[in-house]
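Have a look at the structure below, then the notes.
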Amino acid sequence: QKNLHKKKEYFHSKKFNTAQIDVEGAEAQADGSYLAAAEVSMKGVTRTVPLRFTLTGTGPYELAATATIERRSFNFSGNGPKEEVPVSVTATINQ
């Protein structure tokens, strides 16, 4: 697994050691979740990805989000297990 992070066709973590998700605004959904257009940056590529998330608590809030990325759109090449990769994010929002 360590080799996957180093290889250029995968994470190439020596050159690209961070990933970033930016979310501004979201729409409430009927099921109580939220849907946002997140800007995801990995390997020097930024794409807009639909991000579904929930918030719990009254502050600080706990965020649990899920999305699916198409790995080739972020320059992941080589033989991977799937073209669409599920991603999950958890965070605490102190506001």
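The values are calculated or read from the model by the stated rules, or taken from the named source; none is laboratory data. If you're wondering where the values come from, they're calculated on a predicted model, not measured in any experiment. Please note: Cβ atoms are built from the backbone with ideal geometry, for glycine as well, and neighbour counts cover all protein chains shown. We work out accessible area using only protein heavy atoms, side chains counted, and drop any ligands, DNA or RNA first. Shrake-Rupley method; radii C 1.70, N 1.55, O 1.52, S 1.80 Å.
Within the stretch 47-92, restricting attention to residues that are of a type in the set (V, I, T) and surrounded by 13 or more Cβ atoms within 10 Å (Cβ to Cβ), which residue is modelled with the lowest pLDDT? First the steps, then the outcome.
Step one: filter the stretch 47-92 for residues of a type in the set (V, I, T), giving 48-49, 54, 56, 58, 66, 68-69, 85, 87, 89-90, 92.
Pick out the ones that are also surrounded by 13 or more Cβ atoms within 10 Å (Cβ to Cβ) and you get 49, 54, 66, 68-69, 85, 87, 89.
On the way: V49: 93, T54: 96, T66: 93, T68: 91, I69: 86, V85: 82, V87: 86, V89: 89.
Among those that are of a type in the set (V, I, T) and surrounded by 13 or more Cβ atoms within 10 Å (Cβ to Cβ), it is V85.
Contact map, the stretch 59-86: residues that are within 13 Å of R47 (Cα to Cα) and assigned to a loop (DSSP other than H, G, I, E, B) paired with residues that are open to solvent by less than 50 Å² (accessible area, probe 1.4 Å) and modelled with pLDDT under 85, Cβ distance under 7 Å, separation 6+ or inter-chain. Pairs shown: N75/K43.
Just for the stretch 1-45: of the residues that are β-branched (V, I, T) and open to solvent by 70 Å² or more (accessible area, probe 1.4 Å), which one is modelled with the highest pLDDT? Spell out the reasoning first.
Let us first name the residues in the stretch 1-45 that are β-branched (V, I, T), namely 18, 21, 23, 40, 45.
Then drop every residue that is not open to solvent by 70 Å² or more (accessible area, probe 1.4 Å), which leaves 18, 21.
On the way: T18: 80, I21: 87.
The selected residue is I21.
Considering (1) open to solvent by 70 Å² or more (accessible area, probe 1.4 Å); (2) without any contact (Cβ under 8 Å) to a residue 12 or more places away in the chain, the lone condition that Q95 does not fulfil carries the number (2). Looking at the stretch 67-95, which of its residues are out of contact with any strand residue (DSSP E or B) (no Cβ under 9 Å at 6 or more places or on another chain) and not charged (D, E, K, R)? Result: S77, G78, N79, G80, P81.
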